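Reviewing the structure listed below.
Nothing in this text is a laboratory measurement; each read-out follows from the coordinates by a stated rule. Everything numeric in this text was worked out from a predicted model, so none of it was measured.
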Amino acid sequence: MDGNILVGSWRKNINGKSTVLKFTLTVNKSNELDIRLGENIKDQLNKVGIKVDIKEVSKNNYYNLITEKSGYDALIVNINTSFSPNIETYMGSSNTSNYKNDEVTNLLEQIYTTGDASKIKELYEKIINIYNEDVPFVGIARKNNAVVYNTNLVGTTKPTAFNIYSKFQNWYRKNY
């Protein structure tokens with residue numbers, strides 16, 4: 001059964017040779033949370049037979065890898081987005097995961113040029129199906145305890161991990 005994945009393992013027979021699925025996960029060595037996350041991923045995947053090596057790189061090298069979009073197998077990336085992020089961040093022309101799919105590009109262009117809500121829904125459903133087939137990236141974590149507010153809110157808006165309403169008395173809505 002040359003070329004078939006063996007049941008119950010993450011090995012594949014290629015030309016009669018058993019090959020283990022393995023990759024290197026690159027992390028920013030100045031981000032302790034990313035290092036711990038990488039080690040956790042490594043431990044979990046090793047338990048099911050996937051070999052993961054962690055490569056810690058300097059902050060500058062890390063950002064160069066992201067900018068160049070090459071030089072790594074997998075990369076833990078922190079993306080700051082809203083709770084309703086723009087799909088371009090993940091599947092658009094300049095996405096961090098280097099994902100390129102001409103059909104998705106075409107569907108996104110159609111979304112941006114139509115005003116028909118039912119057509120937009122249909123196009124997004126097609127993109128979701130393509131994403132589910134291609135899996136261009138895997139979101140594994142999201143920071144919580146965020147304060148979401150309109151950009152019209154001004155004043156001293158300094159939420160902390162201990163008090164998201166810190167200096168709330170100084171918040172006010174900008175007048176136009």
Counting only residues 5 or more apart in sequence or on a different chain, those whose built amide H sits under 5 Å from that of residue 56 are 27
The long-range amide H neighbours of residue 13, using H built 1.01 Å from N in the peptide plane and a cut-off of under 5 Å, are 3, 4, 6, 19
Which ³J(HN,Hα) values in Hz, rounded to whole numbers, follow from the phi angles of segment 62-79 under the Karplus curve 6.51 cos²θ - 1.76 cosθ + 1.60, where θ = phi - 60° and Gly and Pro get x? 4, 5, 5, 4, 5, 5, 6, 6, 7, x, 8, 7, 9, 9, 7, 10, 9, 10
Backbone HN-Hα couplings from phi across segment 40-52 [Karplus 6.51/-1.76/1.60, Hz, Gly and Pro as x]: 5, 4, 4, 4, 5, 6, 4, 5, 9, x, 9, 8, 10
